[in-house]
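Below: the structure, in structure tokens.
The values are calculated or read from the model by the stated rules, or taken from the named source; none is laboratory data. On a predicted model such as this, the values are computed, not experimentally measured, just so you know. Because the Cβ atoms are built from the backbone with ideal geometry, glycine has one as well, and the counts that use them run over all protein chains shown.
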Amino acid sequence: MTETIKGALAALAQPPATRVVTITGVSKAGDPAPGFTVDASDNPVEMCSASPASTSRSMVSCSPSAAGADVCWIKPDRRNLLCGTNPWDKQLLPATSDVAIGQVAPLQGDPEPWGLVLADGARCRLRNGGAWSGRADDYVGAYYCDHGESEYVLIHQQSTGSAVNRSSPTWTVQVGPMSADNAAFPPPKTMRVATAYFPGVP
């Protein structure tokens with residue numbers, strides 16, 4: 001077997017690199033981007049700061065978490081916002097800040113992906129506060145997935161890093177179940193991230 005063939009076979013054996021997709025929900029004028037719809041509700045929010053999913057100063061995360069306002073585009077008036085629900089539904093939630101949003105301090109460190117599609121097909125959305133189930137081994141949920149209680153993206157509660165390992169072109173996460181009674185489960189499994197979604201600005 002030639003070295004060329006060996007190299008080709010080795011390349012085929014490598015898992016595919018994680019695909020990175022940017023979702024831009026608004027136009028430069030602050031209006032919904034084509035294909036996006038706006039919910040009829042309007043949530044009051046406060047204490048807006050840099051969104052954990054973006055390095056742009058045009059995107060914020062606001063309280064309370066129940067408003068679903070952690071990935072929000074700021075409209076030109078600096079008070080009205082359009083907030084993304086998740087990367088897959090082209091739906092925006094309007095929100096209004098109690099005060100005009102001033103200059104946003106930049107995010108410290110790398111942004112966390114807004115959403116992930118894992119190798120098993122699960123769609124997982126970045127956590128936005130709230131009370132979640134738990135585990136006995138001190139791992140906590142970083143992303144909730146559409147496979148129910150049997151699968152969350154986990155991170156150890158003492159970790160100061162990201163739940164997503166980006167040390168190679170193929171990103172990985174730790175996944176496992178959680179329960180309301182903080183039950184003991186087997187150690188988390190490593191799973192490949194097929195696609196990672198980030199919010200973008202026009």
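What about GLY129, is it small (Gly, Ala, Ser), part of a strand (DSSP E or B) and farther than 16 Å from GLY200 by Cβ? Explain how you work it out, then say what you get.
Working: small (Gly, Ala, Ser): yes; part of a strand (DSSP E or B): no; farther than 16 Å from GLY200 by Cβ: yes.
Considered against the rule, which asks whether it is small (Gly, Ala, Ser), part of a strand (DSSP E or B) and farther than 16 Å from GLY200 by Cβ, GLY129 comes out as no.
Of SER150, SER167, SER162, all but one fail to be surrounded by 16 or more Cβ atoms within 10 Å (Cβ to Cβ), without any contact (Cβ under 8 Å) to a residue 60 or more places away in the chain and polar (S, T, N, Q); the exception is SER162. When the residues of region 23-47 are filtered to those that are among the hydroxyl-bearing types (Ser, Thr, Tyr) and exposed (fewer than 13 other Cβ atoms within 10 Å of the Cβ), the one that is modelled with the lowest pLDDT is SER41.
Screening region 69-92 for residues that are under 16 Å from TYR197 (Cβ atoms) and in a loop (DSSP other than H, G, I, E, B) and picking the one that is farthest from the chain's Cα centre (by Cα) gives LYS90.
Of the numbered criteria (1) in a strand (DSSP E or B); (2) within 27 Å of ASP120 (Cβ to Cβ), the one ALA95 fails is (2).
Scanning region 170-185 for residues that are more than 18 Å from the chain's Cα centre (by Cα) and in contact (Cβ under 8 Å) with a residue 12 or more places away in the chain, we see that the one that is nearest to PRO16 (Cα to Cα) is PRO177.
Can we say PRO32 is over 30 Å from THR172 (Cα atoms) and in contact (Cβ under 8 Å) with a residue 60 or more places away in the chain? The answer is yes for PRO32.
Could you please let me know if ALA50 is more than 19 Å from SER27 (Cβ to Cβ) and loosely packed, with under 14 Cβ neighbours inside 10 Å? For ALA50, the condition - more than 19 Å from SER27 (Cβ to Cβ) and loosely packed, with under 14 Cβ neighbours inside 10 Å - is not met. Quick check on region 132-164: of everything there that is assigned to a loop (DSSP other than H, G, I, E, B) and of a type in the set (S, T, N, Q), which residue is modelled with the lowest pLDDT? So, considering only residues that are assigned to a loop (DSSP other than H, G, I, E, B) and of a type in the set (S, T, N, Q), the one modelled with the lowest pLDDT is THR160.
Filtering ALA40, ALA33, ALA53 for residues that are touching a Gly at 6+ places or on another chain (Cβ under 6 Å) and of a type in the set (Gly, Ala, Ser) leaves a single hit, ALA33. Is it the case that THR22 is in a strand (DSSP E or B) and out of contact with any Cys (no Cβ under 9 Å at 6 or more places or on another chain)? It is true that THR22 is in a strand (DSSP E or B) and out of contact with any Cys (no Cβ under 9 Å at 6 or more places or on another chain).
Of GLY121, GLY115, all but one fail to be farther than 18 Å from VAL45 by Cα and under 10 Å from the mean Cα position of the chain (by Cα); the exception is GLY115. Pairs only if they're at least six apart or on different chains, beta carbon under 7 angstrom, first in region 64-79 and at positive phi and touching a residue at least 12 places away in the same chain (Cβ under 8 Å), second of a type in the set (Ser, Thr, Tyr) and surrounded by 15 or more Cβ atoms within 10 Å (Cβ to Cβ); list them, first residue then second. Hits for this filter: GLY68/THR85.
Mind telling me which of the residues GLY115, GLY121 ends up being crowded, with 16+ Cβ neighbours inside 10 Å, at pLDDT 95 or above and not basic (Lys, Arg)? Spell out how you get there, then give the answer.
Details: GLY121 fails: crowded, with 16+ Cβ neighbours inside 10 Å.
Sole residue among the options that is crowded, with 16+ Cβ neighbours inside 10 Å, at pLDDT 95 or above and not basic (Lys, Arg): GLY115.
Would region 130-140 turn up any residue that is over 26 Å from SER56 (Cα atoms) and buried (at least 20 other Cβ atoms within 10 Å of the Cβ)? The answer is yes, given that some residue of region 130-140 is over 26 Å from SER56 (Cα atoms) and buried (at least 20 other Cβ atoms within 10 Å of the Cβ).
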